[in-house]
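Take a look at the structure below.
The values are calculated or read from the model by the stated rules, or taken from the named source; none is laboratory data. Source: prediction; values computed, not measured. Because the Cβ atoms are built from the backbone with ideal geometry, glycine has one as well, and the counts that use them run over all protein chains shown. Areas reflect the complete protein model, heavy atoms only, side chains present, ligands, DNA and RNA absent. Shrake-Rupley method; radii C 1.70, N 1.55, O 1.52, S 1.80 Å.
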Amino acid sequence: MSEIQDRSDDERRLAELGYKQELARSWSGFSNFAISFTIVSILTGGLASYGIGLANGGPITMAWGWPLVSIMVLFVGLAMAELASAYPTSGGLYWWAAELGGPIWGWFTGWFNLIGQIAVTAAIDYGAAIFTTVVLNVIGLDIGTDRTAIFFVFAAILILHAVLNAIGPHLSAVINNISAWWHVGGVALFVLVLGIGAEHHQSVGFVFTETVDNSAVGFGGVAFSFLLGLLHAQYTFTGYDASAHMSEETHDASRTAAKGIINTIIASAIAGYLLIMAVTFAIPNLDDALDPTKNSGYPVIYILENSLNSFWSGLLLIIAAVAQLFCGYASVTSASRMLFAFSRDGAVPGSALWSKLSPRKVPVNAVLFISVFAFVLLIPSMLVPEANAPTAYAAATSVATIGLYIAYGIPILLRQLHGSRFRTGPWQLGRSYRPIGIIALLWIVFISLLFILPTDDRGYPWNDEFSWNTVNYAPITLVGVVGAIAVWWFASARRWFTGPKRTVAEPPEAEQAPVAGS
């Protein structure tokens with residue numbers, strides 16, 4: 001019996017893709033779903049970035065924007081799930097692109113994914129720091145809630161997540177399983193408490209028709225402001241590629257990774273809508289909720305503290321803060337696996353270091369890499385004026401969203417180009433792959449262009465009152481980094497980066513698992 005046949009189905013499929021089993025395959029299908037559900041974390045993105053949507057479009061962004069984004073993201077997720085089933089490897093997006101389009105596609109997809117992973121980790125943990133500082137002050141630890149306090153708590157959270165991730169994969173599975181139920185229970189409590197106990201309840205007409213044109217851009221009016229506000233929901237729906245990145249640690253990965261992506265999007269769409277509707281109906285006063293002098297830049301905290309008594313507002317803040325800590329922890333886990341796989345194929349400087357596993361089969365050095373660069377990305381939040389700190393956070397969410405969705409889009413495009421030549425896995429779209437993929441790609445192009453725009457007239461260079469404090473630094477960051485990556489590719493990497501490197505012998509054709517054509 002051959003080496004390939006001696007392995008389990010998961011290990012055999014991984015060997016066919018070129019890799020030996022190095023990570024511990026100890027995760028169930030529920031654990032695979034739980035990590036993506038935890039990273040999407042409606043109690044994180046839905047609450048920490050709530051102010052982005054409320055200030056751009058107003059309540060209608062919550063009422064209509066969330067369902068719109070949910071539907072469009074589902075198209076993206078369906079297209080990704082088919083790829084995750086065909087290629088269940090930790091490399092995920094980058095591996096798919098390299099396999100379907102060659103090394104150059106894998107190179108750029110991998111770097112977009114890595115940049116997005118670092119940015120989303122930074123944004124998640126910075127949002128968690130905002131809520132955690134409030135909670136610490138509520139329980140009597142008077143550390144303040146200014147941006148200096150937030151930044152130090154942000155650094156402490158990153159350190160905590162790095163240490164916990166270094167312990168081992170079994171702990172990661174347990175924490176993410178607990179987190180999934182914490183999020184479900186937390187949302188239910190938010191809805192019940194705000195629905196029954198809030199001192200103020202807005203009308204249906206207010207929630208579904210009230211508008212805010214707060215973009216400070218002299219074109220497009222409320223419609224343009226509404227579109228900018230979609231960043232709230234779109235940022236929340238990031239990170240579900242974690243199910244693909246954890247493939248090499250999941251049983252029956254060619255099926256469960258695909259289901260993890262789809263189930264995460266559906267569950268997050270429904271529970272998230274209930275959550276943000278409960279918060280929006282509980283707004284005491286819209287003008288005050290949007291006033292930086294009264295909301296400290298974060299309307300949800302203002303809404304909870306002014307709609308509920310101190311016990312209930314404190315309890316809900318604690319629930320949200322803990323959920324956000326779960327989310328950041330899971331984001332570091334997923335990002336470190338992506339970096340591990342990308343480095344395993346020699347794409348990152350110091351690859352031997354980042355692809356090294358600890359005795360517990362954890363890429364500890366990759367965990368540290370993600371944590372350090374997530375910290376560096378948010379340093380600008382300490383350099384801009386205090387009033388613009390939320391703008392720096394919004395820019396980090398833009399970088400995360402754009403970087404990740406471009407990485408999602410490239411392999412979807414390549415799968416479209418392959419057409420019927422693409423060899424699907426057990427979970428497939430059949431002939432529906434074509435319209436689903438096209439809609440997904442059009443949406444990715446749309447949001448990528450939308451979220452690089454400044455939300456203030458003074459952020460456009462041709463404005464007489466142009467100010468660097470109002471510039472959206474997301475496109476600057478992306479262009480700078482991607483430009484450097486492109487120069488690196490054409491000057492050097494194209495001569496030595498050949499895409500995925502096989503670590504096991506090529507199996508005979510007869511021993512390869514049959515894969516159905518689409």
For the ranges 126-135, 441-450, 274-283, what's the packing order if you count other beta-carbon atoms within 10 Å of each residue, average per peptide, and put the highest first? 126-135, 274-283, 441-450
Enter the angle in degrees (range 0 to 90, nearest 10) between the Cα long axis of helix 66-86 and the first principal axis of the Cα atoms of the chain, meaning the one along which they spread out most. 10 degrees
If R0 = 22 Å, then residue 438 and residue 502, at their Cβ-Cβ distance, give a FRET efficiency to the nearest 0.05 of 0.10
Which FRET efficiency value, to the nearest 0.05, do you get for residue 178 and residue 464 by plugging their Cβ-Cβ distance into 1/(1 + (r/R0)^6) with R0 = 60 Å? 0.65
Potential lengthening between residue 287 and residue 270 on full extension [0.36 nm per residue; Cα-Cα distance subtracted]: 3.3 nm
Over the chain, average the accessible area per residue using a 1.4 Å probe and give it in Å², no decimals. 36 Å²
Sequence-separation-based contact order of the chain, relative, with Cα cut under 8 Å and 6+ spacing, percent: 31 percent
Working from Cα positions, state the angle (0 to 90°, nearest 10) between the long axis of helix 29-40 and the longest principal axis of the chain. 40 degrees
Cβ neighbours within 10 Å, averaged per peptide: list 109-115, 152-158 in order, most packed at the top. 109-115, 152-158
For Cα Rg over 2.2 N^0.38 Å the list reads (i) 1.01; (ii) 0.94; (iii) 1.16; the calculated value is entry (ii)
Crossing angle, helix 389-418 versus the chain [Cα axis fit, 0-90 degrees, rounded to tens]: 30 degrees
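For every helix of n ≥ 4 consecutive DSSP H residues, a contribution of -39,500 (n - 2.57) applies; sum these over the chain, divide by its total residues, and give [θ] at 222 nm rounded to the nearest 500 deg cm²/dmol. All intermediate terms of the calculation are to be shown ahead of the outcome.
Details: 23 runs with 338 residues, N = 518.
Result for the chain: -21500 deg cm²/dmol, rounded to the nearest 500.
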What is the percent carbon and sulfur in the accessible area of the chain, measuring with a 1.4 Å probe over the protein chains and ignoring ligands? 66 percent
Lys pairs in the chain with Cα under 18 Å (8 or more apart in sequence, or on separate chains) total 4
